[in-house]
1. Within segment A:225-250, track down each residue that is buried (at least 18 other Cβ atoms within 10 Å of the Cβ) and outside any loop (DSSP other than H, G, I, E, B).
2. On the basis of being away from chain B (no Cβ under 14 Å) and in contact with a helix residue (DSSP H, G or I) (Cβ under 6 Å, 6 or more places away or on another chain), does A:Phe16 make the cut?
3. Take residues that are without any contact (Cβ under 8 Å) to a residue 12 or more places away in the chain, aromatic (Phe, Trp, Tyr) and facing chain B (nearest Cβ under 7 Å) and tell me which of the helices (runs of 4 or more DSSP H) falling wholly in segment A:138-199 contain 1 or more.
4. (1) more than 10 Å from every other protein chain (Cβ to nearest Cβ); (2) crowded, with 19+ Cβ neighbours inside 10 Å; (3) among the small types (Gly, Ala, Ser): which one isn't true of B:Ser50, the others all being true?
5. Here are B:Lys33, B:Lys14: which of them is more than 10 Å from chain A (Cβ to nearest Cβ), basic (Lys, Arg) and loosely packed, with under 14 Cβ neighbours inside 10 Å?
6. Exactly one of (1) within 16 Å of the chain's Cα centre (by Cα); (2) within 13 Å of chain B (Cβ to nearest Cβ); (3) at pLDDT 95 or above is unmet by A:Tyr243. Its number?
7. With the requirement that a residue be in contact with a Leu (Cβ under 8 Å, 6 or more places away or on another chain) and either away from every other protein chain (no Cβ under 12 Å) or touching a residue at least 12 places away in the same chain (Cβ under 8 Å) (or both), what does segment B:116-130 give you?
8. Kindly establish whether B:Gln92 is polar (S, T, N, Q), assigned to a helix (DSSP H, G or I) and either exposed (fewer than 13 other Cβ atoms within 10 Å of the Cβ) or free of Cβ contacts under 8 Å to residues at least 40 places away in the same chain (or both).
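The values are calculated or read from the model by the stated rules, or taken from the named source; none is laboratory data. If you're wondering where the values come from, they're calculated on a predicted model, not measured in any experiment. Because the Cβ atoms are built from the backbone with ideal geometry, glycine has one as well, and the counts that use them run over all protein chains shown.
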Amino acid sequence: MSKDLDYRKRLGYMVFGFVLLSLVYRWLSGALLSQLASPVLVSPFADNFFWAYLFTDIPRLLSNHFVLALLFDLFFIGLTIGCLMRVRSRLLSIVLLIWAVTYYVIYHNYVGHHGHSFLGIIFMIIPFTMKGDKTFRITWEAVRYYLCFIFASAALWKIFRGSAFDGDHLVATLLSQHIDLLVYKPESLIAGIVQFLLNHQWMIQVIFAIVVAVQLSFLTGFFTKKYDRILLTLMVLFVAADYLVMRINFAELLIFGIALLPFASVTNHRTTDSPNELSVS
Amino acid sequence: MKNLFLINTYSQSKKLFFLFIAFILLQVFFTYKSVETIPFFNYGMYSAPSKVYDQYEVFEFIVNDEPINPLNLPMLAHNMIFKTTSRYQFLQKHQFEDPIVKTIKRRLHAAMLKGLMDRAISSISNSPNIENSFPFWMVRYLEKVMKLVVNDLQINLNVYEYDEHYHPKLVESHPILTYSKE
């Protein structure tokens, strides 16, 4: 295999390696299906996809039977390892994608909250389900644009809803978000940071302005790749700051950052499909 | 520049091009409707203007007559017990008649799928029996994450007010769930 084609393997090692780390984290946190103790309370909210899945009774079947749930979890981990060992296997990637979506639906249905941190895992598997290197490259680029959409749209939501210009918005959010921390761990470092900010509210307003600016900066990703390294740095800092200031763990979303890595650019590689480069920016 | 990607996609793979166009249009639609349906997600968390309230609520978990610190649990486990308890409390306020049943009936009626109504309601909504089954599940889950036997469990809803230095002060407390193995 030519060196140029090895980029798909390299990306695969990174993506599936990250997925495996995510599963280990979830296992250590007691968040795999067999660790949920046969949950009973469903929360599909208004999501039609959740409704369709629940209608099949697959979530109930898997979560209510420990052995089935355990087999599901073990297969999930085994599939991920299989994808790592056979990165170019389209079949394994497709099955892993189905497994990841099923896990996402079942877990979030029973946890009572449809969070977004696991979505990076799902979206980043998609390119590896493509048949040829041409379609792989196209969908890899599409995933990079989706990452830019996530952050840019987050800023635009704040702007169009007016919260970006509301000086008290983040203050109110911090008061609501951290009441449990201030009750249960008032002596912790993060509680100290939160109380310092609440007693110096001008800093909160500055922080919020920076947050919106950082998120908005991802609009540049739609027009050029020149700033991808900067966007990657901002993304890492954003996730870290989100954890410190808001206690929201978006670490799993960092898998999207692989699409911003310099050597992940597909414009510099040729494939056996065509001798011409695919110009995408 | 973004259009260049789509133009190149069109020349390389018309199937993917039309798939992307459909995805973009549907994403715009679901963004406009402010609802999510996999794979169309909205990232407007914490964008709705918030206001400062006089009081804030926190759940207290008393296991075997000892209050536990839920923040000592792994973050995902802590989220699990708080968010499910919040949902339970929501259903409790509705006398355990899940409000989603009305939405199910409206959607299936509109989609002319009345024949599937009973099956949909039993699969997608919580039955009134959740009042009894949820405490048993919470006990099982706490036993798993805390690695101890739970003989008694009480979950209280504590109400706090912030003082002038933003320290929370307890103002009232009332139980929302009580369980005893005996």
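1. Scanning segment A:225-250 gives A:Asp228, A:Leu231, A:Leu232, A:Leu234, A:Met235, A:Phe238, A:Val239, A:Val245, A:Met246.
2. yes
3. A:179-184
4. All conditions pass for B:Ser50, except number (1).
5. Answer to the selection: B:Lys14.
6. Tallying (1) within 16 Å of the chain's Cα centre (by Cα); (2) within 13 Å of chain B (Cβ to nearest Cβ); (3) at pLDDT 95 or above, A:Tyr243 fails exactly one: (3).
7. B:Met117, B:Ala120, B:Ile124, B:Asn126, B:Ile130, listed by residue number.
8. In short, no.
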